[in-house]
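**Q** First the structure, then my questions, so here it is.
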């Protein structure tokens, strides 16, 4: 079975920025941005948003991408800065990520870090802390996914590492109609990947433009 490495529902601004400068990330500001909901608010407004506590929500194109987020996903890869704000050697092993006792992943998650620590299980998610190359981590994640695809969750630096290594099969990038001007940039232009990927766009009534890429 052909397992894919997929970037899904990854949010950037109109000038390609997905997170604030690294020194701006804190416990209270996971994205290092003021008002990060300006990037991903389109997903939170959908009927299928997993943290929705009230009825309603949109059921347009945005809802399709929100529903598709978990489809055929058996493992996730993320960078350490998506797991938490600590840098360097772990000084607080009590920290268990941003998501509380029930993380939304429900799969094995491979956290890329130069400072490993024992695996951590919360509900139906197990975090493994690995210090290896993107290709080696992908092989571990594919084995854990048991034939399903692997989601590459971010952040920006991690996605760029896997893109540079030629390992990403498909991407869905949601571009919000705001400019942030400073921060960690995924690209200069959505066309930057066109030499390696087919590229289609789908504008949404929410104002977000969904960019879809798949290998040439």
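Values quoted throughout were computed directly from the atomic coordinates according to the rules given, and no laboratory measurement underlies them. Quick caveat: nothing in here was measured; it's all calculated off a predicted structure. All Cβ positions, even for glycine, are placed from backbone atoms using ideal geometry, and neighbour counts span all protein chains on display.
**Q** Specify the residue with the greatest mean-square fluctuation among 38, 80, 151, computed from a Gaussian network of the chain linking alpha-carbon atoms under 10 Å apart.
**A** Maximum among the listed residues: 38.
**Q** For residue 90 and residue 38, compute 0.36 nm times the residue count separating them, minus their Cα-Cα distance, and round to one decimal in nm.
**A** Taking residue 90 through residue 38 to full extension adds about 15.6 nm, to one decimal.
**Q** Compute a Gaussian network model of the chain, connecting alpha carbons closer than 10 Å, and tell me which residue from 114, 93, 199 fluctuates the most.
**A** Result: 93 has the largest fluctuation of those listed.
**Q** Here's a follow-up. Between residue 14 and residue 201, how many nm apart are label points set 7 Å from Cα along the C-beta direction?
**A** My value for the distance between the label points is 1.2 nm.
**Q** Over segment 5-215, what is the percentage of antiparallel beta bridges among all DSSP beta bridges, to the nearest 5? Intermediate results must be reported in sequence, preceding the final value.
**A** Working: 18 of 40 bridges.
That works out to approximately 45 percent antiparallel.
**Q** Let me ask something additional. Just to be sure I understand, if you calculate percent of Cα pairs over 29 Å apart for this structure, which of (1) 22; (2) 26; (3) 32 do you get?
**A** So the structure-derived entry is (1).
**Q** Using a Gaussian network model of the chain with C-alpha springs under 10 Å, which one of 189, 176, 14 is most mobile by mean-square fluctuation?
**A** 189
**Q** So how far apart, in nm, are the two label points at residue 178 and residue 192 if each is 7 Å from Cα heading toward Cβ?
**A** Distance between label points: 2.1 nm.
**Q** At 0.36 nm per residue, minus the direct Cα-Cα distance, what do residue 214 and residue 72 gain on full extension? Give it in nm, one decimal, please.
**A** Gain on stretching residue 214 to residue 72: 49.4 nm.
**Q** Let me ask something else. So if I take the centroid of the Cα atoms in segment 40-59 and the same for segment 100-145, what is the distance between those two points in Å?
**A** So the separation of the two Cα centres works out to 27 Å.
**Q** Along the principal axes of its C-alpha atoms, what lengths does segment 1-64 span, in descending order and rounded to whole Å?
**A** Largest first, segment 1-64 extends 39, 36, 24 Å along its Cα principal axes.
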